Amino acid sequence: VMADRGVDMSALPKEVRDHLAELDLELSEGDITQKGYEKKRTKLLAPFFIPPPEPPPQNHLPPPAPASSSTPGHAPSSSGHAPPSSSSSRYRERRSRRPHRSGGTRDERYRSDIHTEAVQAALAKHKEEKMALPMPTKRRSTYVPSPVETRTPPDSSSGSDDDGSLRRRSSAGPPQSPDCWINRSVQGSSTSSSASSTLSHGEGRPLPQGLPPPAQAPPPQAQPQYKPQYQPQYLPQYQYQPHGGAPPTLTRGPRVDLTKAVVRGMSRVQSRSSMMETADGVPVNSRVSTKIQQLLNTLKRPKRPELSEFFTDDSEEIVEVPLPDPNTPKPEGRQIIPVKGEPLGVVSNWPPALQAALARWGSTQAKSPALTALDITGKPLYTLTYGKLWSRSVKLAYTLLNKLGPKNEQILKPGDRVALVYPNSDPGMFWVAFYGCLLAEVIPVPIEVPLSRKDAGSSQVGFLLGSCGVGLALTSEICLKGLPKTPTGEILSFKGWPRLKWVVTDSKYLTKPSKDWTPHVPTANTEPAYIEYKASKEGTVMGVAVSKVAMLTHCQALTQACNYCEGETMVNVLDFKKDIGLWHGVLTAVMNRIHTISVPYAVMKACPLSWVQRVHVNKARVALVKCRDLHWAMMAHRDQKDTSLASLRMLIVADGANPWSVSSCDAFLNVFQPNGLKAEVICPCATSPEAMTVAIRRPGVPGTPLPARAILSMGGLSHGVIRVNTEDKNSALTVQDVGHVMPGALMCIVKADGPPLLCKTDEIGEIVINSRAGGTMYYGLPGVTKNTFEVIPVNSSGAPIGEIPFVRSGLLGFVGPGSLIFVVGKNEGLLNVSGRRHNADDLVATALAVEPVKTVYRGRISVFSVTVFYDERIVIVAEQRPDASEEDSFQWMSRVLQAIDSIHQVGLYCLALVPANTLPKTPLGGIHVSDAKQFFLEGNLHPCNILMCPHTCVTNLPKPRQKQPVGVGPASIMVGNLVAGKRIAQASGRDLGMIEDQDLIRKHLYLSEALQWRAQTDPDHVLYVLLNAKGVAVCTATCLQLHKRAEKIAAALMEKGSINTGDNVVLLYPPGIDLIASFYGCLYAGCVPVNVRPPHPQNLGATLPTVRMIIDVSKAACILTTQNLTRILRSKEASASVNIKTWPTIIDTDDLPRRRLPQIYKPPTAEMIAYLDFSVSTTGMLTGVKISHVAVSALCRSIKLQCELYSSRQIAICLDPYCGLGFVLWCLASVYSGHQSILIPPFELETCLSLWLSTLSQYRIRDTFCSYSVMELCTKGLGTQTELLKARGVNLSCVRSCVVVAEERPRLVLTHSFSKLFKDLGLSPRAVSTAFGSRVNLAVCMQGTTGPDPSTVYVDLKSLRHDRVRLVERGAPQSLPLMESGKILPGVRVIIVNPETRGPLGDSHLGEIWINSPHNASGYFTIYGEESLQADHFNTKLSFGDPTTLWARTGYLGFVKRTELLDAAGDRHDALFVVGSLDETLELRGLRYHPTDMETSVSRAHRSIAESAVFTWTNLLVVVAELGGSEQDALDLVPLITNVVLEEHHLIVGVVVIVDPGVIPINSRGEKQRMHLRDSFLADQLDPIYVAYNM
């Protein structure tokens, strides 16, 4: 410790030493912060401080200091001697090389020196390999206490680094100047990582004003002991927000179509690949990429040998199964022979029952003290004599049996169960209650005092009370007052508890029994005497029933084994409600008239030496303690020469079976030997609730040699065999024996899992005991009882070894030389990983040996395993000190990984640090492991630091799929319409047919003619109605009005724009009728309209470049737009993102003069281009397609037939009119079919959510079209308001079809929830369906009015990854529901083709959807006119089969399935199922994944995930999740996301990015733009809350 360097500790006055001891204890328990500790300590030591000499600079681990030089207050690090031959000499040698006490520092808890040494050695080995793990990126958040380091300059001597900051600085040469510290902080916090990262356009990002340019931090000359192994580049980047730090808004911003500079048709192939290498314009050396690069380098290291064996599980998935390793150690010994304890002696004056002993002492030795209780300061509070104990217990028994009910009717009968609820600080009340119950022959069930409704495991205690049938609880008046109450003053009914009647047992409420009443004391029999609670590994609390005879026999056996004498004094620090505290301190004590001094937990916390002082004052012969109490006493001990422990003949160590108890016992002996403590009095023992005392070391005779230690190989232990450790001293476990078997007991070791097969002598197994002194059953749980309490061991041939039943103790161990019992762990702490067993306690010990004091609290660490992907995975959770910096914590975590990997040869799955005091506690301060595990799995742990290592420890992933070379084999030969024996997967809509009225056809060849014809024949028919947010029609257009307005615009084009025929003209309008008029104006003038979404005035920076790009790519001659938008295009804000001086001619169409058009243009052939349709794909590609006049009229005709549209019909449209089918419905269909379209601009829904639905109801609309974004808005926003809408009279029963227009797989979940939610408003469940279109054909399917309902099938996700379709039943595991995308439109033919061979596929096979139809687009609009590329996409032929038809490739995967349903013509209906876009799929491990499937899984992982997106970078899978909850949930998501993707998709997530809501870009069609997200992530523009790099 830094301040000790110049202080002679031994010379300090006693009170200063005492103060220091208390401080140390406070710090180790987390009752004081590191900073407070340093401050107080420095203050105490200031008067005694001598300036330090200058030590040499330290580069690496400090060399082990020789023991003699260590100052008394400074623990020597054990020097690395070679281990001596025998373990007992090793033990003596270790003692002799420590002349000074080693208990003074707070490091010593639960850890053996050997272990620490091993860990340091393991870390040093790793240090040579230079593991550089990328550190997670964390946004400075509101909830993590920010470490001092980031706020104070490094050399302000705040004394916050406790590992020798004074030493380090004195040797570090000149102190660092504050300005270099500022530079460093800038560099660590600017959003682009210093100057190395550039923007995606290549210009360097300007630094904020007034800050010096970032300089590299000067290299420190003398490095701290452990130099972080990353360059400053990877310091956590605390990003500041350059724009005034406004908090991010929680609503998703406007949906924006963002493009990359990639235009479809330019060079599609090359752009895709170059994007991967350079991350599309983002230099690969930006910060995120460097971290990912680092991660890739870490992952490249071969970790485990590649496994080759496969087994196929029922789900047809290949999972690796490790081959048995030929070098695995196997047990070689003979079969074990049961070990017998010495016979239980018969003593003449032993009582016939325990109550009889109390009756005897109560009458003959009434003045003799039975129990002394202490107050909080450790002073005696009261002493209960045997007389008082007896008379009060009798009074209580009488009251319980006779006085509880009204008019003396008996409420309790003998044999009823009663809960005892007494605080740890009140042993007296408990004793009386316990013995009162025994005398009344009711069964006491002691439980912990519930402190709050949310107590750790409180519902499990309810399970215990329920299974024991408890209806009554005894408690003290004080305790009752402290229980949580409801506002009315009643005691809270705790979660999961049965209804309880509470009875107060203070003396004043008890009734003196009548003269003739005496309690019935029968001879002990096999009925239950009391029930002791026990928590299982899963957290269930069960009651172990102990019979009266077992209770008595156990007391007798303990008396014999421990040699108890009448009238001795005993100090008990343990919990008196159960286990050793109860068996020795309450039961055996009374049998032997022992005087017990009870030291409660609260006293120990306040005064850790109190129990030692009680031993001294009362000359106690026996003390009952745990390792924790030894540790605390050592820490508080400062040369109390006057304290004597010479009176002790037994120091019973209750958790002596723990692997690390050996070091606590050694250290304690070392410290207190000068105070008269004898080595032979330390008696470790092993116990379990079921078998009670399993073994205990008998008090030794002075001068006899101490029992030997076992030094075992960790590797051997993990395979369940005992091997003395010889080769690698780092992975050794030193264990001490726990003595011999109890008198009168028989012990065997059997296999821990499976049938109780006897173990061999060198095999670890579960200890089973046969004895009269053990538990008899789990009360009320006969099923579980049988497997634990009635076990008959069998020998190797499977024959039972006898008749007598044994009890499983739950302890794992072996029998050593001289029949000594060794315990190496507990069944419930076992972690079974890939066929090897590890002990949770051992892992804790290793983690704590990685100098933890700076980062975590010693006693607050828990280890458990979770089952993920067919194996158990180890998770370690610890509480982090509030003053630990990010860097420290991350360092500690990465070193724990290395230590555990090195010593235990097992990979950790997850390491999490949580804020201090947030892990669920058990009543006496331990950690409630099963609750912690539950929190972890539910995402309620709220870690502040997390490190996941799935790449290291998941070794059973299936082998990556090797793609088979494709070839057209003989099996593909076609016979008629069959492929390889299956029907060809093709389907078609009905014929378009010819209409008899030839004249109409001719007129309708061009839409411009159709409009003129309507303006003449039906001038006043209203074609369009535009609604505003209030639902008011703000604008209408009749056929004539539309025609006149189109003429006006055409005239203006001719005049102002000086346009040539065939020029491209950009239309830039908000959704409305102006847009429609301008479209027809262009047709009238002979130009080609290009419809472009206008820029968003609030987000010009993101939306204007896309507009500019389309204008440039389409070589537009002029722009038609509104006055308002003209202003925006020329504004100063616009000039920030584009060059506004080079716009083509802008014509404002708001107030045009009335000009007569000389003539309306008529195209010479119908193959001429009618308009260009531009859209941004989800991968960020800008694609323009050419739509000819033929295609326009064919498409309009097809829609007219499918939806039965004619003049008297009305449809409502609520979608964006900028591309695809949306544009066709908004601008073209009404003019062709003559129906009236009610137009609802989607942005109006943001001001009035119910606009669309109330319009449908108000106009009694039968057919409506919307987009997914609109449906999602209504589902999320109106889902809770259906009652309100109903009250307003909204009725949707008129809606016959509601079609979602989309270019993706139908979103079943969304359409289902929409139908379900609005069913109450009369919406028919059959109404909602989806349409499907693509770039090459704007409308392939649409449900329409006739024909069967859309069908749904379930396909197997695993087969889908292999490009196969396997249909399964609904609810099958790993099944994916797919809905048909509507009926195929008239005139459309669909065929499913293998994209590689281009051969047709059979029914229900997955392939690319190819289309043949008169309304296919004519080709991509390209700059260079690369005909080959267009031919490939628009005019492709099959490689065999029908070689003449020309097809267009949609780029979507899907399949056709012939259903049982009949279509209108009476034929069987062929359904088309769309699976997803080929461009979007991710190829990982040779399999094909669809991002939406992973995103569905991720969104299910935790309630706080609002939205998610996945993409790959190199071969890493990156998951971005939007956090909908509070920021403290952020890190909970990391393990849950990793788990769910591993479980459901068999992939390991490489990076998890947690961002604010609204960060994932979504385009106008409601599709995620994953490539854009990827670019922003790599260019470091996301401002994430947390980025976790999985190892």
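Details
- Residues (touching a strand residue (DSSP E or B) at 6+ places or on another chain (Cβ under 8 Å) and closer than 21 Å to GLU566 by Cα) located in segment 328-356: LEU354
- Taking segment 1306-1420 and the strands (runs of 3 or more DSSP E) fully enclosed by it, the elements with 1 or more residues that are in contact with an Asp or Glu (Cβ under 7 Å, 6 or more places away or on another chain) and either among the polar types (S, T, N, Q) or within 21 Å of THR1444 (Cα to Cα) (or both) are at 1375-1379, 1389-1393.
- Some residue of segment 1088-1106 being closer than 15 Å to LEU1152 by Cβ and in a helix (DSSP H, G or I): no
- Residue within segment 513-524 that is surrounded by 15 or more Cβ atoms within 10 Å (Cβ to Cβ) and part of a strand (DSSP E or B) present: no
- Condition met for PRO1584 (assigned to a loop (DSSP other than H, G, I, E, B), surrounded by fewer than 22 Cβ atoms within 10 Å (Cβ to Cβ) and at pLDDT below 95): no
- Among the candidates ARG1565, ARG1574, residue that is at pLDDT below 95, not in a loop (DSSP other than H, G, I, E, B) and not hydrophobic (A, V, I, L, M, F, W, C): ARG1574
- Scoring THR1436 on the criteria (1) under 30 Å from VAL1113 (Cβ atoms); (2) open to solvent by 20 Å² or more (accessible area, probe 1.4 Å); (3) out of contact with any Gly (no Cβ under 7 Å at 6 or more places or on another chain); (4) modelled with pLDDT of 85 or more leaves a single failure, condition (2).
- For segment 1466-1485, a residue qualifies if it is in a strand (DSSP E or B), within 20 Å of LEU1376 (Cβ to Cβ) and not aliphatic (A, V, I, L, M), and the qualifying residues are PHE1473, GLY1476, SER1477, GLU1483.
- ILE1128 vs. criteria assigned to a strand (DSSP E or B), free of Cβ contacts under 8 Å to residues at least 60 places away in the same chain and out of contact with any Gly (no Cβ under 8 Å at 6 or more places or on another chain): no
- Where strands (runs of 3 or more DSSP E) fall wholly inside segment 728-787, the ranges with 1 or more residues that are open to solvent by less than 10 Å² (accessible area, probe 1.4 Å), charged (D, E, K, R) and within 21 Å of ASP579 (Cα to Cα) are 765-770.
- Residue in segment 1239-1250 that is nearest to the chain's Cα centre (by Cα), counting only those that are buried (at least 23 other Cβ atoms within 10 Å of the Cβ) and not in a loop (DSSP other than H, G, I, E, B): PRO1242
- Odd one out for GLY967 among (1) modelled with pLDDT of 70 or more; (2) open to solvent by less than 60 Å² (accessible area, probe 1.4 Å): (1)
- The C-beta contact set for segment 789-802 (first residue at negative phi, second residue part of a strand (DSSP E or B) and of a type in the set (D, E, K, R), distance under 7 angstrom, 6+ apart or interchain) comprises VAL791/ARG808.
- Comparison of ASN795, ASN839 shows that the only residue that is within 23 Å of LYS330 (Cα to Cα) and over 34 Å from the mean Cα position of the chain (by Cα) is ASN795.
- Pick from segment 985-1028, criterion among the basic types (Lys, Arg) and modelled with pLDDT of 70 or more, ranking: surrounded by the most Cβ atoms within 10 Å (Cβ to Cβ): ARG1014
- Subset of segment 379-401 that is farther than 18 Å from ILE443 by Cβ and polar (S, T, N, Q) - its residue that is least open to solvent (accessible area, probe 1.4 Å): THR385
- Failed condition for TYR509, given (1) open to solvent by 40 Å² or more (accessible area, probe 1.4 Å); (2) more than 27 Å from GLY405 (Cα to Cα): (2)
Every residue, every condition in (1) open to solvent by 40 Å² or more (accessible area, probe 1.4 Å); (2) in contact with a strand residue (DSSP E or B) (Cβ under 6 Å, 6 or more places away or on another chain); (3) touching a residue at least 60 places away in the same chain (Cβ under 8 Å), yes or no:
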| position | (1), (2), (3) |
| --- | --- |
| VAL573 | no, yes, no |
| LYS577 | no, yes, yes |
| LEU587 | no, no, yes |
| MET591 | no, no, yes |
| ALA602 | yes, no, yes |
| HIS616 | yes, no, no |
| ASP629 | no, no, no |
| ALA633 | no, no, no |
| THR643 | no, no, no |
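- Cβ separations smaller than 7 Å between residues 6+ apart or across chains give the following pairs from segment 481-508 residues that are more than 16 Å from LEU420 (Cα to Cα) to residues that are open to solvent by less than 90 Å² (accessible area, probe 1.4 Å) and part of a strand (DSSP E or B): LYS485/ILE491; LEU492/LYS485.
Residue by residue, here is whether (1) in a loop (DSSP other than H, G, I, E, B); (2) open to solvent by less than 20 Å² (accessible area, probe 1.4 Å) holds:
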| site | (1), (2) |
| --- | --- |
| ARG1155 | yes, no |
| PRO1163 | yes, yes |
| TYR1171 | no, yes |
| ILE1187 | no, yes |
| ALA1191 | no, yes |
| ALA1194 | no, yes |
| LEU1205 | yes, yes |
| LEU1221 | no, yes |
| LEU1225 | no, yes |
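- Inspection of segment 877-894 identifies at least one residue that is in contact with a Cys (Cβ under 9 Å, 6 or more places away or on another chain), assigned to a helix (DSSP H, G or I) and open to solvent by less than 10 Å² (accessible area, probe 1.4 Å).
- Any hit, segment 1342-1360, residues being open to solvent by less than 20 Å² (accessible area, probe 1.4 Å), among the small types (Gly, Ala, Ser) and touching a Leu at 6+ places or on another chain (Cβ under 7 Å): no
- Test: PRO684 is open to solvent by less than 20 Å² (accessible area, probe 1.4 Å) and in contact with a helix residue (DSSP H, G or I) (Cβ under 7 Å, 6 or more places away or on another chain): yes
- LEU1239 being closer than 25 Å to ILE1384 by Cβ, touching a strand residue (DSSP E or B) at 6+ places or on another chain (Cβ under 6 Å) and not aromatic (Phe, Trp, Tyr): no
- Single residue of ALA708, ALA686, ALA695 found to be part of a loop (DSSP other than H, G, I, E, B) and of a type in the set (A, V, I, L, M, F, W, C): ALA708
- Every condition in (1) part of a loop (DSSP other than H, G, I, E, B); (2) open to solvent by 10 Å² or more (accessible area, probe 1.4 Å); (3) not aromatic (Phe, Trp, Tyr) is met by LYS933 except one, and the failing one is (1).
- Taking segment 444-499 as the range and being of a type in the set (Val, Ile, Thr), within 38 Å of the chain's Cα centre (by Cα) and surrounded by 13 or more Cβ atoms within 10 Å (Cβ to Cβ) as the test, the residues that pass are VAL445, ILE447, VAL449, VAL461, VAL470, ILE491.
- Filter result for LEU1172 (over 17 Å from GLY1081 (Cα atoms) and modelled with pLDDT of 85 or more): no
The values are calculated or read from the model by the stated rules, or taken from the named source; none is laboratory data. On a predicted model such as this, the values are computed, not experimentally measured, just so you know. Glycine gets a Cβ as well: all are built from the backbone with ideal geometry, and neighbour counts include every protein chain shown. What goes into the accessible areas is simple: the full protein's heavy atoms, side chains included, and nothing from ligands, DNA or RNA. Shrake-Rupley method; radii C 1.70, N 1.55, O 1.52, S 1.80 Å.
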